[in-house]
Structures are given as C-alpha cells and as structure tokens.
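In what follows, a single structure is set out as structure tokens and then discussed.
The values are calculated or read from the model by the stated rules, or taken from the named source; none is laboratory data. Quantities reported herein were computed from a predicted structural model and do not represent experimental measurements. Here the Cβ positions follow ideal geometry from the backbone for every residue, glycine too, while neighbour counts run over all protein chains shown.
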Amino acid sequence: MKSENQPDLYMVSSSPHTHSGSSVERIMLDVLIALAPAFAASFYFFGLNAIRLTGTCVITCVVAEWLCRKAMKRTGSIGDLSAVVTGVLLAFNLPPSLPGWMAVAGSLFAITICKQLFGGLGYNVFNPALAARAFMLISFLVPMTKWSSSNWATSLASGAADAATGATPLGLIKEAVKAGDAIPHFGSETIMNLFTGNINGCIGETSALALLIGAAYLLFRKVITWHIPVAYIGTVFIYASILHIVSPATSVLPHIHLLSGGLLLGAFFMATDMVTSPITKRGMLIFGVGCGIITMVIRTVKTGDYPEGVSFAILLMNAVTPLINRGCRNRVFGTKS
Amino acid sequence: MQTIKSPYNFRGGIHPDYHKELSSGAAIKRLPMPAVLSVPMSQHLGAPAKPCVKAGDVVQRGSIIGEQNGFISVPVHSPANGKVTAITDVSTASGRLCQAVTIECSEAGETLSMSPITLWKNTDRDELRARIGEAGVVGMGGAGFPTKVKLSPPMDKPIDTVILNGAECEPYLTSDHRMMIEHAKEIRIGAEIIRYILGAKTLRIAIEDNKPDAIKAMAEAFEGIDGDVAVTVLHTSYPQGSEKQQIYAVTGREVPRGGLPMDVGCVVENTSTTFAIYEAVVKGIPLIERVITVTGDAVAEPSNLLAPFGTSYQDLIDASGGFTNAKAAKVISGGPMMGFTVSSLDTPTGKTASGLLLLSKKRVTQYTSQACISCGRCVEACPMGLIPSELSQFIEADDAEGAEAISLMDCIECGSCAFVCPARRPLVQHMRRGKAIVMAKRAAAKH
C-alpha cells in the first residue's frame, strides 16, 4: 500500500482529460515565424525603414494592449502574442517612408478601437491591422500613398516609371486605365522583381517569394487551410483572365495581378485571420471568392481612384462573416434527407 | 477469413496519443477476490436494480442480489460468496449516488450458475433473450444499455447487419483488445448467438488498424463461419468506436437524428459484451466480472485485470503494483476522452467500467479558458457536424434554446472539440450543461 502518501481527494473535472497541446500563443507564434521571411525581404529592400516601422507598430500595439486590459480591469493578454501579430501586419501594410507618429496612431487605433473596445481577441469584427490601415489611409492619404525611398532604386520596366516619383505597378495600371492610355508593359525583368519583392509598395507586401515561403509554413503547421487563399487568389486569377481575354489592351496578364499589391500578404495572412473569417470550409470558400471579386472590382473599375483593393475587400468580407457563418453550417450527422 | 478495409470514413475525428503500449501486452490476470465488495445496483442504463438481500444474508457467487426493476433494467448478481454487511449509498464513477450491497467475501466456493444452453441453435430466440436478460448483460462499451432490449428490435425494424465493436478508440484502454486476443473463440460463439437471435445475414468485426494482433486473432477465430462475415479494419481515429460513427464507417449508413442503429438495420455489440453473451448462454454464468485496464503514468504495473464488480479502485491499484512515485492527480473511470473523474479510491467498479486511468500531475494540466478565436478546429473535429464553438457561446450566454436550435442535442460528448481547442475552452462541459437545461425544460413541459 503506497497510497498513504496520496492526497485524500483527486481532481475532478469534466472530460476530456487530455488535450492536443495546441494554444493561441502557439498559433500566433507560428504566424510570426511565417512572417519572418517577409520581414527579412522587407529589410533587404527597404532597409532600416522596415525595422523602424515594424518596431514602432509592435511596441505600440503591445503597450496599447497592456494599457487597455489594465484600464478595463481584465486579465492581461499580451502573452497571447496577438498584439505582436497585429503590429507586424499593420507595419507590413505601410509605405516605407511613413512618419513614425502616424504608425503609432494607427497602432493605437488597431488595438484600442478595433480590438479591445470589442472585448479583445476573439470578439473583434474586423481585422485590427486592416481596419487601422483603412483609418490611416483616410487620415493620412498622401503619406500613405507615397512609395518612394525604397532602399533600392526601384524601377519598373525601363522608362515606364520614375522610381523617384514612386508608383506601384497597380498604381501605374490604374493611371493608364483612367487616362485611357495603353497599359504599361511588364517585361520578364519586372515580373522577376515583383516575385522577389524589388518593387515599390508596402514594406511587407512586395516579396511574393518570401510570403509564399511563410504561407507554406502556415499550411504545413495547419494554422491555416488552403480554402481562403485558394478561393481568393483563384478568383482574382479567373477575374483577371476573363478581363484580359475580353480586353487585352486595357488589362494586364492575370499573373501580374497575383504578384502585385497586397494580394499574397492579404490572402495568406490577413484574410485567414481566424477571428474575422468564417468557421466552416464552405464559408471560407465563399469568403475567399468574395474577397477576390471585391479586390478586382476596386483594382480595375475605371471610375475608382484607388489602385489596390485587398484591404477593403477583406474588411468588407469581415463584415459579412457572421452572416456567412450562419448560412454555412455543416450538415449535422443523421439529417440526410 | 476475409479482412476488408473500412469502406467509409466518418467526418471529423482526432488523433490523440494512444499510450496503449502501457498495457496492451499485459495478459489478462484474475484479481484475487477482494475482502470486501460494494456492488452498485445501478451499473446499467435505466432503472437501478432493487436490492433483494439485507444485512446479514449469506450470498452465493452468481445469486441475485438486486432485482430487475422495469423493462429497461437488469438484475445484479453477487460476484462473490460471502455475507451482506450493509446496503448503503455509494457514489459511482459517474458521480451519481446509488444503492450498493456491501459483501464481505469469504473463501471461494461454488458459483451458482444457470443451466447451460449449449444447443442454442435449436433454442427459441425469446428464451435466449430472456437468458441474456436474466444474466444481467448490458453494453459494456460504456453506455450500459440492457443487451436483451437491444436484441429485441420490433418486427418492422429488421436487422441485416451485426457489428462487433472492437475499435476501442479511447486512448490507454486495452481491455477489449486483450479480450479479442485471449477469448477470440468465445467471442465468435457469442457473435453467432447474436446473429441467430436477430436473424442477421451480415456480420462485421470492426477493429482499428492499430491492433493488428487482435485483427489476426479475430480473423482466425471466425474462419469457416457461414454467411457474409468479415473483419472490417478501421482507420485509427477517435471516436471510431462511437456507435453512429462506426455504423457509418462499416456500412455507409447514417443513423437518423434521434434514431437508433436498428433504424438502419444494424446492431452494434461491444466485444466484451459479446463474450458476456457467450458466458450467459453457453455456460449459464451471469455477468459478475469483467476485464478492466488499470493504466496511466501514475500506476507501477499497468495491467488488464479480471475483477468482480464492486471492487474498489484502491484494490485494483494495489493489484497493479500500487502508485509510482509520481503522485496521481486524476483518477479516471474509463479513458481520457470520455471517462469520469472520481475524487476517491473507494469508488466501486461496474459493468461499464472498461478502464481505470491514473494520471500524474505531469499529464494533467489545468487551463484557464480563453475567448474563442473562431479557428474552426472544433468544427473540423466534430464527428457530428456541429459547430461546438457557437454552441458553447450560446450556452455561456445562458441561451440553451439558441443552442438547441443549432443541434445541441446531437452532441455525443466525445470531447474531440475540447481536445483540439487552442483557447482551451471546456466545450464538453458547456454542452453537458446546455443539454441538462434542455432536458429539464422538456421534462417540465411533459408534466
């Protein structure tokens, strides 16, 4: 009888008594790991601005999160790393030359207004980083759309644009469409630049290669599933293909759309935000298709001024996520008609 | 005999660490008769048996100490020779109080058995059903539903398929596994009796592919049997042993919501139950003991013990080398996914207790649950196609009706959702609470 040393009463709890070991922190850490290649690329192409902006956003987000939880007398939540993720994602959506105080303002907006006022992680309706970006775009329109000061003399196909004035590929396309000019030609060199990230744009969105490496990691770790990114990117591709077939003179090849702007960052890292995207696979597919259509409408409609639609597409779809969830429940076992 | 891969996969499910190697190699050992047994009157689903002995009575092993009380009920037999010392209330593994007959066991003596029915093939089916009822046989996989009732489907529900459930999908547990290896021949006869009673043509022995030795043993034992018989090898996936999921995996049929396996022409019997049917019919021995796996990292010698009902957990632990140096933090009746925790080692075993799991602090973690982050992992894991995250939010908001409207009552409480939840939400606990509220409301509406 070795049992004398045992406590008299044993712990009682509801089943199950075992757990997979998954945790919110681990998910957030995985997202951060997956963003690391894009951060490296960002540093390579945009230099210290990448560190300056990312550092500013992350620190502000974490401090804001801590202060909010304190003020609301809630348990601390900076340990779940979600504020860090928001900071990194927000920074990745900012142009390299943006003044630091604007990044601070955006970060405060993301955490206080978009996240903690709703109740914190899990209760927010909109992706905090994207909502903050929309806020900044309205508040700081000029600095938010100024694309120069890349570390490199970023240039598009020779002669098509002056790197100093700063334009993104999507910006150039939009200008041409609006002016009724011919669409600028994107040579293989430009496409390679789009792929590696040697191009004007937000600091974290330009390198398709780095983002795809991170995406592969997220898929491998099962943090995300293929449904949203494939539906999103697939829709963009099909939409752009149709456009190009119908009107080759006024539209670019579909893969330019895939590699340009914030599509890959958005499709793999923002649209897949668990809290603000649908919970069932069917819902995810609808969500992805919706994101794709809205993105392309914003990008290609002649009357619109804004060249890029990823942020707004995802935000709009965030808004209908509860509806999608309601309409896309799985069939319950035993209810086959 | 034919071995086939399961033709269908149920949706969802999880892959926990199984830890079966702790006890899967341990041959079944008979527990020396404990000095005292405390035999619960409720070891089955339905009305508890009524004690028909009193303190001071001398009882014989196999004699009835609790009478069947209603249609969905079974009698309880004395697992030992001895003297009744008291009839008291005990707390069973599920936490409910029930009457129990305390027996001071004396030296081994004769077992009171019923007359063997060796020529069961020439025996009236109703007589066999009655025998199985009299022997107190219930589903030993966990539900404890009286087997006699299960084997009496109404005329308009013909049964064409009998499935022997040898999945044993709960981590750690190996009692069915050992039974299939060590008592394959008896299980075969039990299965033939079931098939005869139901007039079912098809028989499938469903075993997960992590038990190749059991698959082999059963395939050999069923060699030469007539009719459409095969071992169906299931993917190792929890909850493969759940009746509805298993019927789907084996036959592709979906038990309709609120329905029973007989609605799709199936009857599922656990392998240990099948052995009990054999014992009851062919040998006339009532159900008074079973194999229970005593395992976990807090027990010195994980084992599979053949123990009489009413054995205290303490006796089982002592017979398994006692505790290791790691103190047990949780004592679980059953497996880690659906088992019940108990607070005391005085708890007695019963017909449905297939395992006693002792986990040290290292394996028991207490969590603070966080807000749902809508990751959808519970939705993916749910074998019933529910949205556990949403259900739990309804119940947290005290809206049981809202939860009911999105199929709360279809939850089988398998725990897959809580197992995968990164926010460590006690989803099953929420479901149970919500279901209890709904049941109470339904009961109130009836009166």
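Looking only at region A:244-253, which residues are touching a His at 6+ places or on another chain (Cβ under 7 Å) and either assigned to a helix (DSSP H, G or I) or surrounded by fewer than 20 Cβ atoms within 10 Å (Cβ to Cβ) (or both)?
Answer for region A:244-253, where residues must be touching a His at 6+ places or on another chain (Cβ under 7 Å) and either assigned to a helix (DSSP H, G or I) or surrounded by fewer than 20 Cβ atoms within 10 Å (Cβ to Cβ) (or both): just A:253.
Mind checking which residues of region B:1-35 are aromatic (Phe, Trp, Tyr) and either surrounded by fewer than 18 Cβ atoms within 10 Å (Cβ to Cβ) or touching a Lys or Arg at 6+ places or on another chain (Cβ under 9 Å) (or both)?
Hits for region B:1-35 are B:8, B:10.
Quick one: would you say residue B:292 is within 11 Å of another protein chain (Cβ to nearest Cβ) and closer than 30 Å to residue B:99 by Cβ?
No, not satisfied.
Kindly check whether there is at least one residue in region A:144-153 that is part of a helix (DSSP H, G or I) and either within 20 Å of the chain's Cα centre (by Cα) or at pLDDT below 95 (or both).
Yes, because at least one residue in region A:144-153 is part of a helix (DSSP H, G or I) and either within 20 Å of the chain's Cα centre (by Cα) or at pLDDT below 95 (or both).
I want to confirm something. Restricting to region B:328-344 and keeping residues that are outside any strand (DSSP E or B) and facing another protein chain (nearest Cβ under 7 Å), which single residue is surrounded by the fewest Cβ atoms within 10 Å (Cβ to Cβ)?
In this case the residue turns out to be B:344.
Filter region B:380-405 down to the residues that are more than 24 Å from the chain's Cα centre (by Cα), part of a loop (DSSP other than H, G, I, E, B) and more than 7 Å from chain A (Cβ to nearest Cβ) and list them by number.
Selection gives B:397, B:398, B:399.
Filter region B:360-376 for residues that are within 7 Å of chain A (Cβ to nearest Cβ) and either in contact (Cβ under 8 Å) with a residue 60 or more places away in the chain or not β-branched (Val, Ile, Thr) (or both) and give the result.
Once the filter is applied, which keeps residues that are within 7 Å of chain A (Cβ to nearest Cβ) and either in contact (Cβ under 8 Å) with a residue 60 or more places away in the chain or not β-branched (Val, Ile, Thr) (or both), region B:360-376 yields B:370, B:371, B:372, B:374, B:375, B:376.
May I ask you to verify whether residue A:197 is at positive phi and surrounded by 19 or more Cβ atoms within 10 Å (Cβ to Cβ)?
Numbers: at positive phi: yes; surrounded by 19 or more Cβ atoms within 10 Å (Cβ to Cβ): yes.
When the stated conditions are applied, residue A:197 passes them.
Scanning region B:345-359 for residues that are touching a residue at least 40 places away in the same chain (Cβ under 8 Å) and facing chain A (nearest Cβ under 8 Å), which turns out nearest to residue B:270 (Cα to Cα)? Lay out the reasoning, then the answer.
Of the residues in region B:345-359, the ones touching a residue at least 40 places away in the same chain (Cβ under 8 Å) are B:346-359.
Applying the additional criterion that residues be facing chain A (nearest Cβ under 8 Å) yields B:357, B:359.
Values: B:357: 20, B:359: 26 Å.
Across region B:345-359, the extreme among qualifying residues is B:357.
Just to verify a result, which residue in region A:56-87, among those that are of a type in the set (Ser, Thr, Tyr) and under 23 Å from the mean Cα position of the chain (by Cα), is surrounded by the most Cβ atoms within 10 Å (Cβ to Cβ)? Quick ask: steps written out before the conclusion?
Let us first name the residues in region A:56-87 that are of a type in the set (Ser, Thr, Tyr), namely A:56, A:60, A:75, A:77, A:82, A:86.
Filter again for under 23 Å from the mean Cα position of the chain (by Cα), leaving A:56, A:60, A:77, A:82, A:86.
Working: A:56: 23, A:60: 24, A:77: 21, A:82: 28, A:86: 31.
Looking at residues that are of a type in the set (Ser, Thr, Tyr) and under 23 Å from the mean Cα position of the chain (by Cα), I get A:86.
Please give the helices (runs of 4 or more DSSP H) falling wholly within region A:254-337 in which 2 or more residues are within 14 Å of chain B (Cβ to nearest Cβ), over 14 Å from the mean Cα position of the chain (by Cα) and surrounded by 19 or more Cβ atoms within 10 Å (Cβ to Cβ).
Ranges flagged: A:281-300, A:310-327.
Within region B:427-439, is even one residue more than 7 Å from every other protein chain (Cβ to nearest Cβ), buried (at least 22 other Cβ atoms within 10 Å of the Cβ) and not aliphatic (A, V, I, L, M)?
yes
For residues that are touching a His at 6+ places or on another chain (Cβ under 6 Å) and closer than 12 Å to residue A:10 by Cβ, tally how many sit in region B:332-372.
So the count comes out to 1.
Report, by residue number, each residue of region A:298-324 that is hydrophobic (A, V, I, L, M, F, W, C) and farther than 13 Å from residue A:232 by Cα.
Answer for region A:298-324, where residues must be hydrophobic (A, V, I, L, M, F, W, C) and farther than 13 Å from residue A:232 by Cα: A:298, A:301, A:312, A:315, A:316, A:319, A:320, A:323, A:324.
Can you pull out the residues in region B:409-426 that are buried (at least 23 other Cβ atoms within 10 Å of the Cβ) and outside any loop (DSSP other than H, G, I, E, B)?
The answer is B:416, B:417, B:418, B:419, B:420.
For region B:298-325: of the residues being of a type in the set (Gly, Ala, Ser) and out of contact with any Leu (no Cβ under 9 Å at 6 or more places or on another chain), which is nearest to the other protein chains (Cβ to nearest Cβ)? Give the steps one after another, and end with the answer.
Initial filter on region B:298-325 (of a type in the set (Gly, Ala, Ser)): B:298, B:300, B:303, B:307, B:310, B:312, B:319-322.
Next, only the ones that are out of contact with any Leu (no Cβ under 9 Å at 6 or more places or on another chain) stay: B:300, B:321-322.
On the way: B:300: 8, B:321: 9, B:322: 4 Å.
Top of the filtered list is B:322.
Is at least one residue of region B:142-159 in a strand (DSSP E or B) and either modelled with pLDDT under 95 or surrounded by 13 or more Cβ atoms within 10 Å (Cβ to Cβ) (or both)?
The first filter runs over region B:142-159 and keeps only residues in a strand (DSSP E or B), leaving B:146.
Applying the additional criterion that residues be either modelled with pLDDT under 95 or surrounded by 13 or more Cβ atoms within 10 Å (Cβ to Cβ) (or both) yields B:146.
Yes, that holds for at least one residue.
Could you count how many residues in region B:283-298 are within 20 Å of residue B:180 (Cβ to Cβ) and either surrounded by 23 or more Cβ atoms within 10 Å (Cβ to Cβ) or in contact with a helix residue (DSSP H, G or I) (Cβ under 6 Å, 6 or more places away or on another chain) (or both)?
Going through region B:283-298 one residue at a time, the tally reaches 9.
For region B:299-315, name all the residues that are of a type in the set (A, V, I, L, M, F, W, C), surrounded by 23 or more Cβ atoms within 10 Å (Cβ to Cβ) and farther than 15 Å from residue B:173 by Cα.
Going residue by residue through region B:299-315, those that are of a type in the set (A, V, I, L, M, F, W, C) are B:299-300, B:305-307, B:309.
With surrounded by 23 or more Cβ atoms within 10 Å (Cβ to Cβ) added as a condition, the list becomes B:299, B:305, B:307, B:309.
Correct list: B:307, B:309.
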